[in-house]
Amino acid sequence: MKQFLAELFIWWHKQTLSIGLRTWLKGRHVGTDEFGNKYYTDKKNKKRWVVYDGIVEASAIPPGWHGWMHYRTDILPNEENYQPHKWEKPHIANPTGTRNAYHPKGSLLRDGKRAKISADYEAWKPE
Amino acid sequence: MSVRRLADDSVQPSSFSFTKENLAWAKKRIALYPKGREQSAIIPLLMRAQEQSGWVSKAAIEKCADMVNMPYIRALEVATFYTQFQLQPVGSKAHIQICGTTPCMLRGAEDLRALCQRKIAKKAHQLNEDGTLSWEEVECAGACVNAPIVTIGKDTYEDLTVERLEEIIDAFAAGKAKEITPGPQIDRQFSAPANGFTSLLNLNNISGKEKKSPANSKGKKTKNRVKSVNENKQATLFSAPKDKKDDLKLISGIGAVLEKKLNNLGITTFAQLAALKKADIKKIDDALSFKGRIERDEWIKQAKALAKGGVEEYIRQFGKKPV
Amino acid sequence: MTQIKVDGELIEVPDYYTLMQAAEAAGKQIPRFCFHERLSVAGNCRMCLVEVKGGPPKPQASCAMGVKDLRPGPNGEPAEIFTNTPMVKKAREGVLEFLLINHPLDCPICDQGGECDLQDQAMAFGLDSSRFTENKRIVEDKYLGPLIKTIMTRCIHCTRCVRFTTEIAGINELGLLGRGEDAQITPYIERALSSELVGNIVDLCPVGALTSRPYAFTARPWELTKTETIDVMDALGSAIRVDSRGCEVMRILPRINEDINEEWISDKTRYVWDGLKRQRLDRPYVRKGKKLVEANWDEALNLVARKIKKAGNRVGAIAGDLAGVEEMYALKKLINSVGSNNIDCRPPMSALEANMDRGVYIFNPTIAGIEESDCILIIGANPRFEASLLNVRIRKTWRAKDLPIGLVGQRVDLTYDYTHLGEDIDSVKALATGSHKFNKILKKAKKPIVIVGEGAISLAKNSKKTGRDILSMSLMIANNAGALREDWNGFGLLHNAAARVGGLDIGFVPDNGGASSLEQLELAKKGELDIIFLLGADEYDLQSLDKTFVVYIGSHGDVGAHHADVILPAAAYTEKSAIYVNSEGRVQMTKRAVFPPGEAKEDWAIIRALSARIDKILPFDNLAQLREKLYAEFPHLQNINQIKAGNISAMKKLAKIPAKTSNVLLRSPIKEYYLTNAIARASKIMAECVKARREREGANR
């Protein structure tokens, strides 16, 4: 029920009614990533779309699927044998607006001292 | 196209001083300039220092600068500006400067350069193993007719071939520099035509038709001195009558120079000219290289007229005054 | 005066003018790279080319061609030059094209961007695209010292730096070696240049080949706020422009002031700005027990007020080298209000007294007046390091004409030839009595100048009498040489500190039984002085003052702060508007460029606040009112840039030859040029300069 209401009234949660209809009519499910986003293409392999598992946020797509989504490659990530390097970190969506957003040191929203700039003077200290 | 800098400290001598004669010459040289302008003597002093040591060291620059009361940096500016100053050590026996400009290049200067690279050092200004030789490529040395040439010291060695240059280099390295005569290294009179004269052929001893044996012995070459026309010992072809001398210049086509030449051959009167036969004409033609001018300009006809009746006869025959 | 037509406009100019000066008289701007008004003409950049009518088919270098060398027209018409014809335009485009052939594409990383002559002229006169497809040449960077960053690939060989260092700075160390594409500006030996004016070649270089090393990569000129103010590193008050960004002083550049510094400033003036960011006193400190502890203003001021009230009139004040007239005036009023006269701004053992005429303690001939002089005698001073721009002026005059210069004192290199007349007082006496060889030269001079260094009249080791003797004898020498006349006052006292003349003008000297600075310190040591105020006074020996309550009012934590019991943080010279009177007696005013850091306040405000707490409120509440009161008492201080002249007869009265003099060597009091005041000692750049100087002099031996 919740999902239906969400599909009817808002567009930022998973899918809307029309996307659902289109997916059911024309969509062919080609893969799912580690976050649960489902990827579809149409019968003629001309269009590609994603139905997110959660908030509709473009940066939630991991890099492999990002390349496929933007028509950069035709190889599906679940069909290629890309071995990630050991220094590659797991993908995170853009944290702006969330609690994990980046603030520089010394900002009100974070602790730490501000980075030094040239205008900082060195106060005299008695010793 | 290179940055001119002082040589590395490891090859710089710690001090420099002029020899006694050079010092006396230097003092006289400085005295030539008005008081307060002694700095103008820096270039001659640096050149003399170079002639003394072969190259201009930092100590030499500083010494010359001190002698003319000039800050060292100014003297260094002069020394780096002119490429004639060798700023690094040169070969003790010879520093070979190969002209590489167009005429020499066309005549094989690049081969000479390759020879020096093989024989002396790979790069210019580098010393050979013994430290006795070095080479560099310079701009036009001013003897283009005798290309290709090299300059060693104050002398140029011209009309070189690769073999000849090698001989010269060996001679210098062996200390036998005096045995090589500067100038053209083939049988050639300075910048006279290499294949023989094409003009002035009948002038005594300058004729290219007199073949001399080409110099092929090592180091020996006979010198061919130019003899001037006045010294020729050939007998005159004709015998001039005494006491009578006509003004041969009246004949159109004979000027003062030709008149003199004719006189030298023994022709001094119109009557002689008038009496010339075909064979005589040919003799004169050959001797003076006229190529038929005598007939062309109708000397005989003019001479006959002048011999017969002087200037009036001439005017009557030719309708104009003789010049 | 000759007539010449410039772009069709007929003007009259003196015939010794160059074409460039004539064009500028007609209002036409001619671009140039190598020409500079204060340097000799080089004529090697070829940017100033103009077309001369009827002249050769090639354009003429207007910086070198004289108006009188132009031929008049066939019927006697005046010569004509053009600065805007197609030939001139083509010439300029061509010159710029050639310059840009080997110029690296460094604009984004070059410090000169935004204020670069090459950029500006290429925009105004150059082509839009390059035709050059070959490789550019590069040049190695040379080391010229810790102050100058050299990127010699950018050099366009205008030789301004060579001409400046040779002619104006007097050092023969830079030269242009090689020629053509391989020409390079090089020092003879790669080490720090030995002049105290080398920073000026950074200004002169039209491109970014010579830039300021401490300022490198920190700012662009368009983001800086420029404030015109006065320098206080020496007593000359050179005109400077302080460039600041926000609350930070980024750099200091000279302003043109023909009377004092022309277009140059010394290295200390130029590079002391990083001392403004180090060792700053930014909050009040109070000594509790043995240690200084941070406090707030209330606490500190209340403590001082209590101590003053208890001390009665056993208070003293010493003004330091960088104190402005306003704060000295306020402090004087404060000290007087508690009934004390112990105030002093002079160096220890100074021969200058309270009621001396102004003419005795100012540099009467003025710096610009040096150019009129025909003989200079220097007694006990090293003008090169005590007043660098004055030395520049002496050198300029020495180059321009035959100027005999005599020096009594330590034999030093002043960048010009002088006769060394002796090292001690006996030589001064000989000159005064007329028995020295140099007297003949002095007598012949029509406008002689006698320069006496401040060090000569305040020889700290001896008694005041020695200083007084030298002062009197110098005045006698000046008088005998004809330097004390109504139309020419040639006697000049050369001070070493910016605060001196201002303090003397407002009477910040002990009279009516007051104690001088040394005497105050003596009393303090003995415990007979209860409070002593140090207004930025760091040049004194402040050991063993534990019996006295020391209040330090200053901007930097130097010697004074270490020995203080209460520190009241004040503003440095770029952070306040204050009057400074230079050695010539010229009144000048600084302007505030940035605000003092932290809790620091302006000095006069601190004193005014203190006066409120001891219930002896000073009669002003803001700077304008203070100045009103100041001008009422000392009206000459309101005439900015003017000099109130000294009184000749008063000066003559002090001229005498003492009967007995104790012999002593005359030495300049400056031991290290780069570290003469608190701000300079706090500066890292100055420390590097000292290091470079020591290396250079070590290598020389």
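Here are some notes:
- Only one residue of C:19, C:218, C:272 has its Cα farthest out toward the positive end of the dipole of chain C, where Lys and Arg carry +1 and Asp and Glu -1 on Cβ, and that residue is C:272.
- Peptides A:87-93, C:241-247, A:121-127 ranked from most to least packed by the mean count of surrounding Cβ atoms within 10 Å: C:241-247, A:121-127, A:87-93.
- In loop segments of region B:43-116 as defined by DSSP, the chymotrypsin sites (Phe, Trp or Tyr not before Pro) with at most 16 further C-beta atoms inside 10 Å of their C-beta are B:82.
- J(HN,Hα) series, region A:112-127, from Karplus relation 6.51 cos²θ - 1.76 cosθ + 1.60, nearest Hz, glycine and proline x: x, 8, 5, 5, 6, 10, 5, 6, 5, 9, 9, 6, 6, 10, x, 8
- Tensor-based shape of region B:9-81 (alpha-carbon gyration tensor, a/c under 1.5 rounded, otherwise prolate or oblate): oblate
- Nearby aspartates and glutamates by direct alpha-carbon distance to residue C:290 (threshold 17 angstrom, same-chain neighbours under 8 apart not counted): A:127, C:546, C:565
- For region C:232-312, GluC sites (Glu not before Pro) are listed when DSSP marks them as loop and at most 14 other Cβ atoms sit within 10 Å of their Cβ; the list is C:258.
- Burial ranking of peptide ranges B:255-261, C:4-10, C:579-585 (average Cβ count within 10 Å, highest at the top): C:579-585, C:4-10, B:255-261
- For peptide C:177-188, the mean count of partner chain Cβ atoms within 10 Å of a residue's Cβ comes to 5.
- In region B:1-138, lysine pairs closer than 23 Å at Cα, eight or more apart or cross-chain: 14
- A dipole drawn for region B:94-184 from +1 and -1 charges on Cβ atoms has a positive end, and of B:100, B:144, B:177 the residue lying farthest that way is B:100.
- Burial ranking of peptide ranges C:70-79, C:34-43, A:94-103 (average Cβ count within 10 Å, highest at the top): C:34-43, C:70-79, A:94-103
- Of the trypsin sites (Lys or Arg not before Pro) in region B:10-88, those whose Cβ has at most 11 other Cβ within 10 Å and which sit in DSSP loop: B:35, B:37
- Spatially proximal aspartates and glutamates relative to residue B:245 (Cα-Cα < 18 Å; intrachain offsets below 8 disregarded): B:259
- Within the straight-line cut-off of under 26 Å between alpha carbons, the lysines reachable from residue C:656 are C:429, C:437, C:440, C:443, C:444, C:446, C:447, C:461, C:464, C:465, C:644, sequence neighbours fewer than 8 places apart in one chain being disregarded.
- Filter on C:288/C:525; A:105/C:226; C:53/C:90 - keep pairs with C-alpha separation over 22 Å: A:105/C:226
- Taken residue by residue and averaged, Cβ atoms of other chains lying within 10 Å of the Cβ of B:74-83 number 4.
- Counts of other chain beta carbons within 10 angstrom of each beta carbon in peptide A:113-123 average 5.
- Rounded if a/c under 1.5, otherwise prolate or oblate - region C:573-632, Cα gyration tensor axes: oblate
- Estimated 222 nm signal from helices in chain C, with DSSP H stretches of n ≥ 4 weighted -39500 (n - 2.57), rounded to 500: -8000 deg cm²/dmol
- The helix-only estimate of mean residue ellipticity at 222 nm for chain A, built from DSSP H runs of length n ≥ 4 each weighted as -39500 (n - 2.57), is -5500 deg cm²/dmol after division by the residue total.
- Anisotropy class of the protein assembly as shown from Cα gyration tensor, a/c 1.5 cut: oblate
Every read-out reported here was derived from the displayed coordinates using simple, explicitly stated rules and does not represent laboratory data. Only a predicted model underlies this, so the values are computations on that prediction, with no experimental measurement involved. Please note: Cβ atoms are built from the backbone with ideal geometry, for glycine as well, and neighbour counts cover all protein chains shown.
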